[in-house]
Amino acid sequence: MDTVKKIMSVPVTVSVALTSFEDIETMYDYLLVEGVSNVQFKMKGYANGGLYSEVPYKLKWQGSVGGKSGFKDLVEYAAEHPELGLFPDFDFVYTQGSGSSVNMKKYGARTVSNRYTSKRVYSVTSQSLVSHYQMVLSPATFSRFYEKLEKKYSKYDNMAISLSTMGSDLNSSFSEEKTSLREDSKNYTIEALQYFTDKGYDVMVNGGNAFTWSHADHILDVPLTSNRYNNEYATVPFMGVVLHGYVQFAGTALNMEGNLSYAMLKAMESGAGIYFIISYTNTELLKEDEVLSQNYSVRYDIWQARLVEIYKELNSVLADVQTKLIIGHEFLNGTRVPDENELLQDALAEAEKKAQQVKQRLENINIATTSIEQVSTRLDNYMALLESHLQTINDQRASDSALMTAWAARKATSGDASVERAFVLALTTYLASPVAELRTIRATVDELLAAATENYQFLVDTDADADVLLAAQGTLEHIQNVQIPALLALYNSDPAFTLSYTHSTDRDTFLYDKTSFAGCGVEDLFSLFKLALAGDGLDIGVETLVTNLAEKLEIKSEPVVDTTDAGKDVAVDSAYKYAVDSEIVYVTYGDYKDGKAVAFKSLILNFNDYAVTVEKDGVIYNVSAYDYVVIKHTNS
């Protein structure tokens, strides 16, 4: 590349080598010693102006990298090492923008406005397309350049060439003399590739547009993943499935990847080779160039040992499947393996949860036992209240009682509002209100029995202490066998009692003699009062009055221990907590025999930055972060 050096204090632009021909030999010698022999060198910027070269209709090797003689020596060296490939890169799609000897009027591509155009790339910083002054050549003129170059290049007997941009870029030209649409440009590119393959060259390209596949022997910068937008859940190695087993290809240079481990797994998933961009010397000069400064991690001495490690690791996985096809690809469901700190936190959380459950259990036992005792106490209170209200009602069955006095006054007087009010008040106070409260109590008895029974069952189910169970059982049996039967016996009529009332003969006996109609329960007693009221023509809707009063009464229910959430884990579900958020891939290499897929080797690839546990075909695998498992199939 060109740089400025001071010679006798005068700044002079000089060309310096980043990697010379001799450096390539040095690097390959090292790789051979390390057991790496199958290496293809793409040699960019070695001729016709360096890294910013002119379109190669002539061939002039850069003196800084060794010149013509240096390349000859390198070719002779490669002849002694058959697995070493030399691919000098020539660009027929673009040419140097400034100082170019190319007649752009004759060979340059034109826009629809008849202007020359340059290569533009998107800049993230400026968020716009920017040009670095590489002028676009008309596709119709490709043959003029590559035919001349090939005549000169063929003299070196190196049957390998890189036509990188022909595999990735496709440009139109709207020149008035010769318009080339993209389809025409594709055809011109195919002609160029066919030209070199017909001559017997191994061809290397970049990107690998589909129309290059049948002509290229090596493809670099093949997209092994998607653009990874947020709305994309996973990526499928389409290019790997199509190309593997037919063409040698590689993805982005591994030393340009932000996540090397992820990139290595992607290479395994697609069956891709490894690709590095390397500069042997003068790497610090790259920062002086706006475009070349993007090669921020290319120093050979830094990557020397690591490069060999990566090659050996990938080669151990993919060497025996180079001629195989990808016959299967699926995504597996797995669970993240928690680290030591997470396991400690889980243990502490589990201990805290159990302690909380013990505390809650004791609280629930206390609630259950207290509630059972409270039911018994309330039933005793209800019994006393029932006796008291029955006594109150029966005490009014006397001629001098407040209710009978108001009754007699109301019967004797018609239309007197004050008498009417006094009668209604007495009827409400001494009959309707007690009956309404007793009805509410009767309705509550069943609920209290159910609450006591459920709470006792909870104590049994939760294995409460024996003394607690014994006390609760005794209280429940007292409720069931003593308290409730006594209360119902007082509320209901005696089985021997028959409700029979004739107003003309039974009125005075019922209203003025509380000893009459013995064995009469609450509801039957209330029915007799209603019959007497109706017989005297004083039915003021006492049944409705009782119903309305009962609706206004609120009697507290007893708490029942809620067992629906008992033992339920309120912590975060581990299946969700340790869910996997990136891909776990199962890819299979093999062949097709008689139309059937025959598996040879499978890989489980963990693209997560943490270890995972995954099950496949009944076998559980633990796969470390950014790691893989190799499975050989016995039927292969």
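The values are calculated or read from the model by the stated rules, or taken from the named source; none is laboratory data. What you are looking at is a predicted structure, and each value in this text was computed from that prediction instead of being measured. Using ideal geometry, Cβ is built from the backbone for each residue, glycine included, and neighbour counts are taken over all protein chains shown. Ligands, DNA and RNA are stripped out before the accessible areas are found, and what is left, the full protein with its side chains, is counted by its heavy atoms. Shrake-Rupley method; radii C 1.70, N 1.55, O 1.52, S 1.80 Å.
In region 169-196, which residue that is among the aliphatic types (A, V, I, L, M) and in a loop (DSSP other than H, G, I, E, B) is least open to solvent (accessible area, probe 1.4 Å)?
My answer is Leu170.
Which helices (runs of 4 or more DSSP H) sit wholly inside region 440-516 and have at least 3 residues that are out of contact with any Asp or Glu (no Cβ under 6 Å at 6 or more places or on another chain), at pLDDT 90 or above and closer than 23 Å to Ile365 by Cβ?
Numbers: elements: 466-478, 484-491, 503-512.
Per the criteria, 466-478.
Would you check if Ala426 is free of Cβ contacts under 8 Å to residues at least 60 places away in the same chain and assigned to a helix (DSSP H, G or I)?
Values: free of Cβ contacts under 8 Å to residues at least 60 places away in the same chain: yes; assigned to a helix (DSSP H, G or I): yes.
Yes, satisfied.
Run down Leu348, Leu286 and say which single residue is out of contact with any strand residue (DSSP E or B) (no Cβ under 9 Å at 6 or more places or on another chain) and either in a helix (DSSP H, G or I) or surrounded by fewer than 18 Cβ atoms within 10 Å (Cβ to Cβ) (or both).
Leu348
Go through region 238-248 and report how many residues are open to solvent by 10 Å² or more (accessible area, probe 1.4 Å) and either of a type in the set (A, V, I, L, M, F, W, C) or over 17 Å from Ala210 (Cβ atoms) (or both).
Residues that pass the stated criteria total 5.
Let's see how each residue does on (1) surrounded by fewer than 19 Cβ atoms within 10 Å (Cβ to Cβ); (2) touching a strand residue (DSSP E or B) at 6+ places or on another chain (Cβ under 6 Å):
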| position | (1), (2) |
| --- | --- |
| Val236 | yes, no |
| Gly251 | no, no |
| Tyr275 | no, yes |
| Leu292 | yes, no |
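Say whether the condition of being closer than 30 Å to Gln357 by Cβ, in contact (Cβ under 8 Å) with a residue 24 or more places away in the chain and out of contact with any Ser or Thr (no Cβ under 7 Å at 6 or more places or on another chain) is met by at least one residue in region 391-412.
Checked against the condition, which is being closer than 30 Å to Gln357 by Cβ, in contact (Cβ under 8 Å) with a residue 24 or more places away in the chain and out of contact with any Ser or Thr (no Cβ under 7 Å at 6 or more places or on another chain), region 391-412 yields no hits at all.
Residues in region 577-632 that are open to solvent by less than 50 Å² (accessible area, probe 1.4 Å), under 15 Å from Glu330 (Cβ atoms) and assigned to a loop (DSSP other than H, G, I, E, B): how many?
Of the residues in that region, 3 qualify.
Please go through region 1-48 and pick out each residue that is basic (Lys, Arg) and more than 16 Å from Glu284 (Cβ to Cβ). It would help to see each step written out before you state the result.
Going residue by residue through region 1-48, those that are basic (Lys, Arg) are 5-6, 42, 44.
Passing the criteria: Lys6, Lys42, Lys44.
When you scan region 197-234, how many residues do you find that are under 17 Å from Asp169 (Cβ atoms), hydrophobic (A, V, I, L, M, F, W, C) and open to solvent by less than 50 Å² (accessible area, probe 1.4 Å)?
8
Of the residues Met204, Met166, which single one is part of a helix (DSSP H, G or I) and either over 18 Å from Val55 (Cβ atoms) or in contact (Cβ under 8 Å) with a residue 60 or more places away in the chain (or both)?
So the residue among Met204, Met166 that is part of a helix (DSSP H, G or I) and either over 18 Å from Val55 (Cβ atoms) or in contact (Cβ under 8 Å) with a residue 60 or more places away in the chain (or both) is Met166.
Any idea which of Ala216, Ala210, Ala250 is in contact with a Phe, Trp or Tyr (Cβ under 8 Å, 6 or more places away or on another chain) and on the phi < 0 side of the Ramachandran plot?
Ala250
So Phe196 fits all but one of (1) under 14 Å from Leu137 (Cα atoms); (2) without any contact (Cβ under 8 Å) to a residue 60 or more places away in the chain; what number is the exception?
So the condition that Phe196 fails would be (1).
Step by step: first the residues of region 364-381, then only those that are charged (D, E, K, R) and open to solvent by 80 Å² or more (accessible area, probe 1.4 Å), then the one that is nearest to Ala443 (Cα to Cα). Which residue is that?
Selected residue: Asp380.
Pull up region 294-307, narrow it to residues that are under 37 Å from the mean Cα position of the chain (by Cα) and of a type in the set (Phe, Trp, Tyr), then point me to the one that is most open to solvent (accessible area, probe 1.4 Å).
Tyr296
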